[in-house]
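The values are calculated or read from the model by the stated rules, or taken from the named source; none is laboratory data. Computed from a predicted structure; not experimentally measured. Ideal geometry is used to build each Cβ from the backbone, glycine not excepted, and the neighbour counts take in all protein chains shown.
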Ligand code: AMP
């Protein structure tokens, strides 16, 4: 089906942060983007200073930084000045506990204010912030805390009891567990954060971090092996700030709602850092998705810029037009989407029902910030991810036999999406896995692992992933992690995990299992295995479906052939899949 381009009028173009794409591309430099921030003396740069203290120093401390909506709809506001003091206290608390520069502070929290305080307080102290998704079960939490050498964990008592306490003795390096939201006397070896924070000093001189100092650790999933810890540095803030202005059209004073969970990279780069560096007011909802609730938040808080994801948009579409029409969404100026392919229908729907089109953009954990986007002043081509931001060079490449790559010039030809290295928020490594990191580059090009096409006008179109990683409801899920959890069950001899199409979540996780002798397939065992996976992995990662097989197809070297499982499941031609080895990233 052909989708009509949504043409932007002169008024929309004139009011956008980037009014003329080509002019902005040629005028842009990362040095100029850096000059929009203040920095620290002697060339230092600290994300939290740019997000908070800079505004206070410039007399903007009274502005609302965070408007937090509790599950029951109550609102708590924090000004830039309030967050500055609270993060100072958190940084002092870390110092009092002897937590040093570069040491990792993990969070396992819902979207409560303490999370924002912990993130920015950690960065002020020169320690490294590593957020975890609160819907993770004990196993993904343990794996990541081990991999990232967690020194501190900030969480709630309920999550601690269920997801951390059972294995804490295995991780002696995890010296401090800080609990927020109440702590009972029996929570041994933990600190009551809500009591400790007011007792910590309100002044703190931000640690003079250098732009290349590690700031953030984000976990992402690969096809094989453990999750990968993508390392990001303080210098990334230059890209967070510039890309939010260009791709999200974000201005000081905007009311900005990023619905992504801070446990994932979008929720940190654009759900904490970028809106604050710009000087916007962030709306944060502690509740879960509900169409009525979401429209109510847009209306009540007069949200001007909204950044969400295709799964959520599809759920809004499912709820129908009537709830949207019942609310005054007139404050909305710019709508953006990320994380999965955005169906052209969703763009047309939002244009018709919400009065504005969603602007798709593309990036990934490793890029740290938005790379390709439909900008406010650009005509939107529904189904396309947009064009590379000023400062970003993107290309479609194909690998050559000598290990290099060749740029594919012909329009609408599928190949791997590559980015020329050098933007400030590019990851600096996979923690402890130098070789895996090196495999992501060919000469000057960072290879994203995604397949895409470029049209004659420079718009990029997503084709698919080049690996077996599953994207379900916006969450990247490594099949190996799910297979490993299934293999822990005494009945399981072999497990293979794939993504199958799902009308709302994009993909759903499906497992194929071969049983050990003496075990009999049946509904009871299926339920038991699914429940086991949910307990170990959490509901966001565990399979939704499970099928028994007598045996699973393997490559000559013994790897489960997930692509063959998938081709058979979806009735696709198997072609030469039987000889393909999985991509190792
Ligand atoms: P993550 O690292 O969890 O943010 O996931 C990044 C991956 O999500 C990318 O490599 C893509 O496969 C997918 N992705 C992100 N944005 C888009 C988009 N706009 N369209 C299609 N896929 C996307």
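Quick notes on this one:
- Enumeration of residues in the range 1-27 that are modelled with pLDDT of 90 or more, surrounded by fewer than 17 Cβ atoms within 10 Å (Cβ to Cβ) and touching a helix residue (DSSP H, G or I) at 6+ places or on another chain (Cβ under 9 Å): 19, 20
- Listed by position, the strands (runs of 3 or more DSSP E) inside the range 399-483 whose residues that are within 11 Å of the ligand (Cβ to nearest atom), more than 27 Å from residue 227 (Cβ to Cβ) and modelled with pLDDT of 95 or more number at least 1 are 460-465.
- Evaluated against (1) over 19 Å from residue 145 (Cα atoms); (2) crowded, with 20+ Cβ neighbours inside 10 Å, residue 74 falls short on exactly one condition, (2).
- The range 484-503, residues that are more than 16 Å from the ligand (Cβ to nearest atom) and outside any loop (DSSP other than H, G, I, E, B): 484, 485, 486, 487, 492, 493, 494, 495, 496, 497, 500
- Failed item, numbered, when residue 393 is tested on (1) under 23 Å from the mean Cα position of the chain (by Cα); (2) surrounded by 23 or more Cβ atoms within 10 Å (Cβ to Cβ): (2)
- Applying the set (1) more than 10 Å from the ligand (Cβ to nearest atom); (2) modelled with pLDDT of 95 or more; (3) in a loop (DSSP other than H, G, I, E, B) to residue 378 leaves exactly one unmet item: (2).
- Sub-6 Å Cβ pairs linking a first residue in the range 158-182 that is on the phi < 0 side of the Ramachandran plot and touching a residue at least 40 places away in the same chain (Cβ under 8 Å) to a second residue that is surrounded by fewer than 17 Cβ atoms within 10 Å (Cβ to Cβ) and in a helix (DSSP H, G or I), at least 6 apart or interchain, are 180/194, ordered by first then second residue.
- Residue 262 meets all of the listed conditions (1) within 30 Å of residue 335 (Cβ to Cβ); (2) part of a loop (DSSP other than H, G, I, E, B); (3) at pLDDT 95 or above but one, namely (3).
- Among residues of the range 335-347, those that are under 20 Å from residue 254 (Cβ atoms) and either more than 16 Å from the ligand (Cβ to nearest atom) or part of a loop (DSSP other than H, G, I, E, B) (or both), counted: 1
- Helices (runs of 4 or more DSSP H) fully within the range 1-115 that include at least 1 residues being over 25 Å from the mean Cα position of the chain (by Cα) and within 29 Å of residue 422 (Cβ to Cβ): 10-15, 21-27, 30-35, 54-57.
- Selection within the range 381-390 - within 14 Å of the ligand (Cβ to nearest atom), in a loop (DSSP other than H, G, I, E, B) and surrounded by 21 or more Cβ atoms within 10 Å (Cβ to Cβ): 381, 382, 384, 385, 389
- Test: residue 196 is over 20 Å from the mean Cα position of the chain (by Cα), within 23 Å of residue 83 (Cβ to Cβ) and outside any loop (DSSP other than H, G, I, E, B): yes
- Of the candidates 180, 209, 243, the single residue that is under 18 Å from residue 275 (Cβ atoms) and at pLDDT 95 or above is 243.
- Of the residues 206, 237, the single one that is within 23 Å of residue 44 (Cβ to Cβ), more than 16 Å from the ligand (Cβ to nearest atom) and assigned to a helix (DSSP H, G or I) is 237.
- Flag if residue 293 is more than 15 Å from the ligand (Cβ to nearest atom) and assigned to a loop (DSSP other than H, G, I, E, B): no
- Matching entry among 475, 489 (being more than 30 Å from residue 550 (Cβ to Cβ) and crowded, with 16+ Cβ neighbours inside 10 Å): 475
- Selected residue (only one of 534, 562 is under 21 Å from residue 474 (Cα atoms) and buried (at least 20 other Cβ atoms within 10 Å of the Cβ)): 562
- Residue in the range 297-330 that is nearest to residue 382 (Cα to Cα), counting only those that are in a loop (DSSP other than H, G, I, E, B) and in contact with a strand residue (DSSP E or B) (Cβ under 7 Å, 6 or more places away or on another chain): 309
- Of all residues in the range 348-369 being in a loop (DSSP other than H, G, I, E, B) and more than 9 Å from the ligand (Cβ to nearest atom), the one that is surrounded by the fewest Cβ atoms within 10 Å (Cβ to Cβ): 355
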